[in-house]
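Asks: My questions all concern the structure below.
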Amino acid sequence: MTTSLLEPDEIKEPPPRESPRDAVWMKAVVDDSVPQLLRSYQRAGGLNNRDADNMPSKRSVGQLCEDLLQILFPGFHDEDAVNQGTLEELTNARLTGVIQRVTDQVRKSVRIGNPHKVTGKTPPIVRRFCQSLPEVRTLLRTDIEAAFDGDPAALRREEVILSYPFIEAVAIQRVAHRLHLAGAPVVPRMMTEWAHGRTGIDIHPGANIGTHFFIDHGTGVVIGETCHIGNRVKIYHGVTLGARSFVKDEEGHIIKGGKRHPDVGDNVTIYPNATILGGKTLIGANSTIGANVFLMHSVPANSLVVYEEKQLSIREKPARRPLEDIDYSI
């Protein structure tokens, strides 16, 4: 009698056999649907065509972000800790892979609409980007310190790197910002949207963010392209730093560019669900913006901005009925 070495949950059933009848109707569906899909590609667009645009790949850019996180936080985004003795060799291999991937994606981004366009911009862009990585790591160290100092739930700095979604979002934004400044189109935005999808934190790569930046909890935070954020700024979940309105031309089309988003001074705290809009809006240094505040104008330094609780009503609760008289519903 033989005994299987597999655990019960590891024993897999063989895949079901396809009957001749299934093969017939599946082929009929494919034969009917493929021509319609091909016509929709021609009619509606949305095709990344090697013979036409050959645009950047979302999957490849996502992998680029994973690779960058491994370089920025060695061992924290790996299956196991990094061996100190092989760190130089590992970093060399990882940076080489990043250079190859970012070069390919940036080259495609600058050739959108003309895949045969010859450009010498890509190597300088990639060189400036890679040279900025040590500076980004220094900035991220200040962000980790800000989280550790600003959150009583953080017991150690390693916990911030391992479990706080904001550090991943900010790390990708900081490297994407350097790629944006170096002149790469499209790819930096793809990087921050990759982080947005993972963390719920939406920071445009164009936003300029100072040191010791901390987003507590983070879900639902939106920071626009032309924001300038000072040092030691703390933001809570649900905060929006957005545009007040859009300028349109005579034909009603939105005019791109221009300063559209607010600036935030040093040592500012913005509590949950506050909304601050406008390119001319400045939150002065050392100010505190309370929860649910809606602002479309500047406030001076050392301001406290809150909504008064004039409509708040607190009353005594009615006597609780015996447990057997209460209906429960889940």
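Asks: Could you give the length gained by full extension between ASP104 and GLU89, i.e. 0.36 nm per residue of separation minus their alpha carbon distance, to one decimal place?
Replies: Values: separation 15, 0.36 × 15 = 5.40 nm, distance 2.29 nm.
Result for the pair: 3.1 nm of gain on full extension.
Asks: Using R₀ = 25 Å, calculate the FRET efficiency as 1/(1 + (r/R₀)^6) where r is the Cβ-Cβ separation of PHE294 and GLU250; round to 0.05. Don't jump to the answer; show the numbers that get you there.
Replies: Numbers: r = 31 Å, r/R0 = 1.24.
Between PHE294 and GLU250 the formula returns 0.20.
Asks: Kindly give the semi-axes, whole Å and largest first, of the ellipsoid equivalent to the range 54-200, taking each as the square root of 5 times a Cα gyration tensor eigenvalue. Kindly include the intermediate steps, with their values, before the conclusion.
Replies: On the way: eigenvalues 165, 58, 34 Å².
The answer is 29, 17, 13 Å, longest axis first.
Asks: Listed highest first by mean packing, meaning other Cβ atoms within 10 Å per residue, what order do 134-141, 25-32 come in? Write down the numbers at each step before the final one.
Replies: Values: 134-141: 14.5, 25-32: 9.6.
Per-residue Cβ counts within 10 Å, averaged per peptide and sorted highest first, yield 134-141, 25-32.
Asks: For the chain, what is the convex hull (Cα atoms) projected area averaged across all directions, in square nanometres? Let's see the in-between values first.
Replies: Working: hull surface 131.6 nm².
Quarter of the Cα hull surface area: 32.9 nm².
Asks: Quick one: which residues, 5 or more positions from SER303 or on another chain, have an amide H under 5 Å from its amide H? H modelled 1.01 Å from N in the peptide plane, none for Pro or chain starts.
Replies: SER287, THR288
Asks: Moving to a separate point now. Residue by residue through the range 190-200, which ³J(HN,Hα) values in whole Hz follow from phi under the Karplus form 6.51 cos²θ - 1.76 cosθ + 1.60 (θ = phi - 60°), with glycine and proline marked x?
Replies: 4, 5, 6, 6, 4, 5, 4, x, 7, 10, x
Asks: To the nearest 20 debye, what is the magnitude of the charge dipole of the chain about its Cα centre, counting +1 on the Cβ of each Lys and Arg and -1 on the Cβ of each Asp and Glu? Can you show the working numbers first?
Replies: Details: 39 positive and 41 negative charges, 325 e Å.
Roughly 1560 debye for the chain.
Asks: Now for a separate question. Could you work out [θ]222 nm for the chain from helices alone, using -39500 (n - 2.57) per DSSP H run of at least four and dividing by all its residues? Round to the nearest 500 deg cm²/dmol. Walk me through the intermediate numbers first.
Replies: Values: 8 runs with 130 residues, N = 330.
The helix contribution divided over the chain gives -13000 deg cm²/dmol.
Asks: Right, another one. Only bridges whose two residues both fall in the range 164-311 count here: according to DSSP, what percent of them are antiparallel, nearest 5?
Replies: On the way: 1 of 26 bridges.
Around 5 percent of the beta bridges assigned by DSSP in the range 164-311 are antiparallel ones.
Asks: Hey, another quick one. Let me check I've understood the local charge: for PHE246, count other residues with C-beta under 15 angstrom from its C-beta, Lys and Arg +1, Asp and Glu -1. What total comes out? Walk me through the numbers before you get to the answer.
Replies: On the way: positive: ARG244, LYS248, LYS256, LYS259, ARG260, LYS280; negative: GLU225, ASP249, GLU250, GLU251.
Taking every Cβ under 15 Å from that of PHE246, the sum is +2.
Asks: In vacuum, with every alpha carbon of the range 220-306 counted as one equal point scatterer, what does the Debye formula give for log10 I(q)/I(0) at q = 0.24, 0.26 Å⁻¹? Two decimals, please.
Replies: After summing over all Cα pairs, the log10 values are -1.13, -1.30.
Asks: Oh, and also: Highest mean first, how do 59-67, 199-207 rank when packing is the count of other Cβ atoms within 10 Å averaged over residues?
Replies: On the way: 59-67: 17.0, 199-207: 21.7.
The most tightly packed comes first, giving 199-207, 59-67.
Asks: Could you go through the range 265-274 in sequence order and give the Karplus-derived ³J(HN,Hα) for each residue, using 6.51 cos²θ - 1.76 cosθ + 1.60 with θ = phi - 60°, rounded to whole Hz, and x for Gly and Pro?
Replies: x, 5, 6, 9, 10, 10, 7, x, 6, 6
Asks: Separate question: If each Cα of the range 132-216 is one equal point scatterer, what is log10 of I(q)/I(0) from the Debye formula at q = 0.14, 0.20, 0.22 Å⁻¹?
Replies: -0.44, -0.86, -1.01
Asks: Give the relative contact order (percent, whole number) for the chain; include only Cα pairs under 8 Å separated by 6+ residues. Before the final figure, lay out the partial values.
Replies: Values: 536 pairs, mean separation 30.7, N = 330.
Rounded, it is 9 percent for the chain.
Asks: Something else: From largest to smallest, what semi-axes in whole angstrom does the range 149-271 give when each is the square root of 5 times an eigenvalue of its alpha carbon gyration tensor? The partial results should precede the final answer.
Replies: On the way: eigenvalues 146, 53, 32 Å².
So the three semi-axes of the range 149-271 are 27, 16, 13 Å.
Asks: When ranked by the protection proxy of mean other Cβ atoms within 10 Å per residue, highest first, what sequence do the peptides 174-182, 292-300, 101-109 form?
Replies: Details: 174-182: 23.0, 292-300: 14.6, 101-109: 20.7.
Going from most to least packed, we get 174-182, 101-109, 292-300.
We did not get these values from a lab; they are worked out from the coordinates using the rules stated. Computed from a prediction, not measured in an experiment: that's the story for all the values here. Ideal geometry is used to build each Cβ from the backbone, glycine not excepted, and the neighbour counts take in all protein chains shown.
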